[in-house]
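Here is the structure we will look at.
Please treat every number below as a calculation from the coordinates, not as lab data. Treat the numbers as computed from the prediction; the structure is a model and nothing was measured.
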Amino acid sequence: MKPLQADGRGRRAAVSPKGETPLPLPVRFLAAWIGVWLGRYQQQLIEYQREEIQMLREKLGGRRLRFGDGDRRRLAVLGKKLGRRALGQVATVATPDTILRWYRELVAKKYDGSAKRRPGRPGTVAGVARLLMRMARENPSWGYTRLRGALKNLGHELGRNTIKRILQEQGIDPVPTRKRRYSWETIIRAHLGAISAADFFTVEVMGLFGLVRMYVFFVIDLANRKVAVAGICRQPDALWMDQMARNLLDAVDGFLRGKRYLLVDRDPLYTREFRAALARGGTEVVRLPARSPNLNAFAERFVLSIRSECLDRIIPLGEWHLRRAVSEYLKHYHQRYGTLTPS
C-alpha cells in the first residue's frame, strides 16, 4: 500500500515508494500524444523514402543495383543497429538477411589474421625428395630409419614420418613388400659391372688420292662409361675382327676382362669368328634387335659426343692424324666427364 503525504491544503496524496510525485494526468496525456505523433511522422518519412527508392529503381529499368565495399559497410553498420525486425520494414535495396550477412563479413574481415599468419612447417626440398626416392628404389631393403640415417650422413635432416609420407605419395611400398619386388632398373644397375657395349662409326679421312672412309671400333664400359678404341682400319674383315677379340680379352690389359656380356647391333662386321672368340674367353655377345639404337644408348651417345665435339670440327689428314685426334679426345672425355662409380 502506497504511503500518504499531506499536500498544501491538508489533503493526503499517494506517492511512489521512492518519494517521487507522479506527473499530472494532462501532462501524461500530452506526452503520449507527442509520442504517437512522432511515431506517425517517422512512419510517413519511411513510407516516403521507400516510395522514392522504388521510383528510382523503376527509372533504372529494373537493373540490379551494384554496391561497393564502402556502401555495404555503411548499410551493414546501420542495419545491425536497427535489427532484423526493423530492417524488414524499412530495407528496400537489399533484404535484411543480406544486410546482416554483410555485417558478419565485415566483422570476420576485421578479425581475419591470415595476412599476418606465418607459414607453417617448411616443406621438403624437391631435390632431397628425389634423392630419397632414388635411395629407396636402389636399396629395396632399406627401411625408413635406414633411409633417414643415409640422408643425415649427406647433411639432410628428415623425420621418419616425413620419409614415410613422401614414399607413400610416390607409390613406393614399405620394406616388407618392396624387398619382394625388384624393378628392371634395379636389376640392370646391379649387373652393369658385367656388361659392356661395342659399336662402329666411320670418318672420312683425306688421303693422297682423295677421301678415304675409316672405321673406328670402340668398346664402352656401362658401369663407369669408360671408353677404349679397339682399332681403326679401312675395311674390317673376319681376320681383323678376330684379332680385335683377342686384344679385348688379353690377360694383362684386355678391356673385356671380367665382363660377361657385350652388347652389339646387327652389323655384319661382328662376324661369327669374332663372337666365337669372345665366347671362348667367357664373354657372350648379345645381338640387339634390328633398328633399336636406344638399346645401345650409351654407345650411341658417345658417337654423338665425339662427332660434335671433335671430328666434325677437323679434317683428318691421314690415318695417323685420325688416331691422334681420337686419342686426344678420349683423354679429354675421361678428364672432363670422369668415370662413374659402379652402382
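Key figures
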quantity: Beta bridges by DSSP in segment 192-337, antiparallel share as percent, to the nearest 5; calculated: 70 percent
quantity: Shape parameters for segment 192-337, alpha-carbon atoms, Rg then Dmax in Å; calculated: 15.0, 45
quantity: Part-to-part distance (alpha-carbon centres) for segment 257-320 and segment 197-247, which is given in Å; calculated: 8 Å
quantity: Relative contact order (%) - segment 126-182, alpha-carbon pairs under 8 angstrom, separation at least six; calculated: 39 percent
